[in-house]
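What follows is a single structure, written as structure tokens, with notes after it.
Taken together, the values in this text are just the output of simple stated rules run on the coordinates, not laboratory data. Note that this is a predicted model, so its numbers are computed, not measured. Every residue, glycine among them, receives a Cβ derived from its backbone with ideal geometry; neighbour counts consider all protein chains shown.
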Amino acid sequence: MPDLLEDLSALVRVPSCAFSGFPREPVHEAAEITRALFAAVGAQSRLLPIDGGEPAVVAELGAGERHVVLYSHYDVQPAGDLDAWTTSPFEPTIRDGRLYGRGAADDKSGIVMHLGALRAMTRLLGDVPLRVTALIEGEEECGGPLPDYVLAHPAMVDADAMVVADVGNRSLGEPTLVTALRGVVDATVEVRTLPHPAHSGMFGGPAPDALLALIRILDTLRDEAGDTTVLSGYPWEGAPVDEQQYRADLGVAPDAQLLGTGPLADRLVTKPAVNVIGLDAPPVHGAINAVIPVARAKVSLRIPPATDPGTAMAALCEHLRQAAPWGVDVVVTPGEEGRGCALETQGPAYAAARWALGAAYGREASEAGEGGSIPLVAAIMEVAPRTEILLMGAEDPGAAIHAPNESVDIAELESMIVAETLFLLRLAETV
Ligand SMILES: [Zn+2]
């Protein structure tokens, strides 16, 4: 662990944010550090150019019947508000058993988890008894082109199993396999009622107010109880969600009303969830007494894991059009689509992972769903259906990924390294 924490610190020190407008040198430096770390465990490690994006690190090691791909990403989110950080985001600092810094959890912890498992095997056993390919992406946070690359190069991810270490356990010390991911679609709805603003004293009353019309449309997206009215869901069969923990993570009072009905896990995983994520209307400051002629909103719909995004997009757009009141003109423009995933969990890799997590943590692994979609996972499911995809990693809910004071729990990282090592050894035996 001391060696691995030094390696993690070296990675965190590099501000490898791949968003446009950020310098490229640190991105390439992080790629090179990652390449060298895998080379140092004896892997054939190289930078793989990806058209239209930053290179991925591909490192191959070991021999055997089984083949496993280990995924993580070396790019990070921007640091954001520096004043909100207790210590500098790119100066790794250990406090209370956690290592703080941008990317310490998301997803440089994933790199170190894979590295740790490979070191455990090469140093302690002198052998890696299966084929391992580490695939470390360089542009995950900004929606880079790796999923497209995978669609065009299926052999790269055709394996017995792939460990996607870009998630975390439901809580510290509670081993978790994330087996369902919601998808997402979004659309923009624009209401135009008048050619120009109209004086509300002279014209107001009969004149159609575009913002009020838009508000009425948006209001139909949830019912009285707060349930989403577009699409329907199904019951979640994995672990329940702890309401106290959810409230604490969300930052709301224990008695604050939550939206929707049914088990919390259904509302977070297998039921649709709509939100208005942007609104164009005159700001309050400078508002004048006029009937507003045009207003616009962007609506985002998280969709159940098994729902087809094309179907969901059509349902959302049709709903927005149908909801228009007073015969106003509405233009609905479809936006982005992301496929969700309901993973197949009955194969030998899942059996090995459940055993390994149980052995590493001394308690049975649970299954969880996650709200975010991972385009890469959807791409793999499409082109490499035999690959069992395992989502497990060291980003616990306290890791504050994408937020100030991101951190990884060191004991959790160690446990996940033990679990991944045991998983690989177990899978190698099941030929
Ligand atoms: Zn990530």
Build a GNM of the chain with springs between Cα atoms under 10 Å: which of 234, 246, 71 gets the top mean-square fluctuation? 246
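Classify region 361-425 from the C-alpha gyration tensor, please: rounded if a/c falls under 1.5, else prolate or oblate depending on whether a/b exceeds b/c. Could the numbers behind the result be given before it?
On the way: a/c = 2.19, a/b = 1.22, b/c = 1.79.
It is oblate, given that a/c is not under 1.5 and a/b is not larger than b/c.
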Listed residue (67, 31, 2) projecting farthest to the positive dipole end of region 1-98, Cβ model: 67
By DSSP, what percent of the beta bridges with both residues in the chain are antiparallel, rounded to the nearest 5? 70 percent
Angle check, please: helix 309-322 long axis (alpha carbons) against the longest principal axis of the chain (alpha carbons), in degrees 0 to 90, nearest 10. 10 degrees
Please state the relative contact order of region 238-380 as a whole percent: Cα pairs under 8 Å, 6+ residues apart? 24 percent
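Going by a ≥ b ≥ c, the root eigenvalues of the Cα gyration tensor, does region 47-114 fall in the rounded group (a/c under 1.5), the prolate group (a/b larger than b/c) or the oblate group?
It comes out oblate by the Cα gyration axes.
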Taking the chain as a Gaussian network, Cα atoms linked when under 10 Å apart, which of 47, 212, 177 shows the biggest mean-square fluctuation? 212
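Please tell me the relative contact order of region 315-431 in percent, rounded to the nearest whole number, where contacts are Cα pairs under 8 Å and at least six residues apart. It would help to have the intermediate numbers written out before the result.
Values: 84 pairs, mean separation 35.1, N = 117.
For region 315-431, the relative contact order is 30 percent.
May I ask you to derive the relative contact order of the chain, considering only C-alpha pairs under 8 Å and at least 6 residues apart, and to give it as an integer percent? Show your work: numbers first, answer last.
Details: 971 pairs, mean separation 107.5, N = 431.
Once divided by the residue count of the chain, the mean separation gives 25 percent.
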Highest-MSF residue in the chain out of 166, 107, 308 [GNM, Cα springs under 10 Å]: 308
Helix-only estimate, please: 222 nm mean residue ellipticity of the chain, summing -39500 (n - 2.57) across DSSP H runs of length 4 or more and dividing by its residues, to the nearest 500. -8500 deg cm²/dmol
Considering only C-alpha atoms, what is the centroid distance from region 46-125 to region 264-293, in Å? 36 Å
I'd like the orientation of helix 108-119 relative to the chain: the angle between its Cα long axis and the longest Cα principal axis, in ° from 0 to 90, rounded to 10. 20 degrees
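Shape verdict for region 104-257, please, from the Cα gyration tensor: rounded (a/c under 1.5), prolate (a/b greater than b/c) or oblate. Intermediate values should be presented prior to the final figure.
Numbers: a/c = 3.22, a/b = 2.10, b/c = 1.53.
Prolate.
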Could you tell me how many cubic angstrom of Cα convex hull volume the chain has per residue? 162 Å³
The summed charge of the residue 68 Cβ neighbourhood (under 12 Å; Lys/Arg +1, Asp/Glu -1) stands at -3
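Just to confirm a number: summing +1 for Lys and Arg and -1 for Asp and Glu over residues other than residue 373 whose beta-carbon lies under 11 angstrom from that of residue 373, what do you get?
On the way: positive: 182, 302, 339; negative: 336, 337, 370.
Computed value for this residue: 0.
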Nearest-20 debye value, region 46-166 charge dipole, Cβ charges on Lys, Arg, Asp, Glu: 660 debye
